[in-house]
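Reviewing the structure listed below.
The numbers here are math on the coordinates, done by the rules we state, and not lab data. Just so we're clear, the structure is a prediction, and the values are computed from it rather than from any experiment. Using ideal geometry, Cβ is built from the backbone for each residue, glycine included, and neighbour counts are taken over all protein chains shown.
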Amino acid sequence: MTTGPTAHQDAVTAEYADLNPLQVRITTHRLYSEHPDNPDATVRERLQVPSDADLLDIGCGTGQFLRDLDHDGHTGQLTGIDTSTEAVRQTATGRVTALNASADNLPFAPGTFDIVTARHMLYHVTDPLQALREAARVLRSGGTFAATVNHASTAPRTHDLVRTVIQDADAAPSTDSPVNAVNSDTLPPLLRQVFGNVTTVRYDNALVFSRPDPLAEFAVALLPFNGIAATDTAYDRLAEKIRARALRWFSDHPGQVWRDPKGWALCSATLTA
């Protein structure tokens, strides 16, 4: 297994070649959070996105954030970029434009957008500081940058379950981790360095599972974050072991729930003249 920037990007590419694991994680957080958890709606509410704002979404993923804006009658330019070809394909619908591009080299002229968002993606980029500088470059004066990012320890019990299964199966990771050190503690100083200001709102929560199936499905969707890509020959075998481990836990703990703390932050900044 190689390491370094290229290996990191290869791991991210492998993770998002198929968006099904991403959709599983999104759905899990929506359905099994202890308190209501909808980062997309929170971003829209906190930013009070004007209907005529030109908005760039970096790391557009499934495209749902931009499609919702389009569906609600947004009249400004809506653009998404992603390194995943599948993400670009799913996002480019209606009035939404989507391009295959990297966060650290945005294909736009300076001052193109009123709002730039980066939702749960900065922990995937090779050079987070360069990505923030690029976001600032394409913003208009007075424009807003907003990013959502997880707490340093999110769903640690489930991640430990996945790591234990991998270790017990003596399965060597096939890729680099697609996650860097950007989290709700480390991002605000980076934003302050680039923009000179930052506002951070934290959202603490937990995942709560009362049965094994959704826990197992979520845990399997975390395998790529632990170096096991969906194309790995060990992937299906490890997925079965995860399902068996989840079933055994609920069998051994009748009437109990699997509670796993999590959280994220919305960090925003304004481009001043």
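Summary of values
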read-out: Efficiency of FRET from Cβ geometry, ARG237 and THR186, R₀ 35 Å, rounded to 0.05; value: 0.50
read-out: Share, in percent, of DSSP beta bridges within the chain that are antiparallel, nearest 5; value: 50
read-out: Relative frequency of Cα-Cα separations exceeding 25 Å in the chain, percent; value: 46
read-out: Per-residue ³J(HN,Hα) for the range 224-234, Karplus 6.51 cos²θ - 1.76 cosθ + 1.60, θ = phi - 60°, Hz, x for Gly and Pro; value: x, 5, 10, x, 10, 6, 4, 8, 5, 5, 8
read-out: Angstrom value of the Kirkwood radius, inverse mean 1/r, which spans all Cα pairs in the range 106-202; value: 15.3
read-out: Gap separating the Cα centres of the range 118-143 and the range 247-273, nearest whole Å; value: 25
read-out: Neighbour-count order for ASP40, ASP236, ASP260, fewest beta carbons within 10 angstrom listed first; value: ASP236, ASP40, ASP260
read-out: The range 126-273, Cα convex hull volume normalised per residue, Å³; value: 115
read-out: Kirkwood estimate for the range 21-82, i.e. one over the average of 1/r between Cα atoms, Å; value: 12.7
read-out: Ranked list, fewest to most other Cβ atoms within 10 Å of each Cβ, for ASP185, ASP54; value: ASP185, ASP54
read-out: DSSP-defined antiparallel bridges as percent of all bridges, the range 32-122, nearest 5; value: 5
read-out: Size-normalised alpha-carbon gyration radius of the range 196-264, reference 2.2 N^0.38 Å; value: 1.44
read-out: The chain: calculated mean residue ellipticity at 222 nm from DSSP helix runs of at least 4, using -39500 (n - 2.57); value: -12000 deg cm²/dmol
read-out: Alpha carbon centroid spacing (whole Å) that separates the range 156-206 from the range 40-62; value: 23
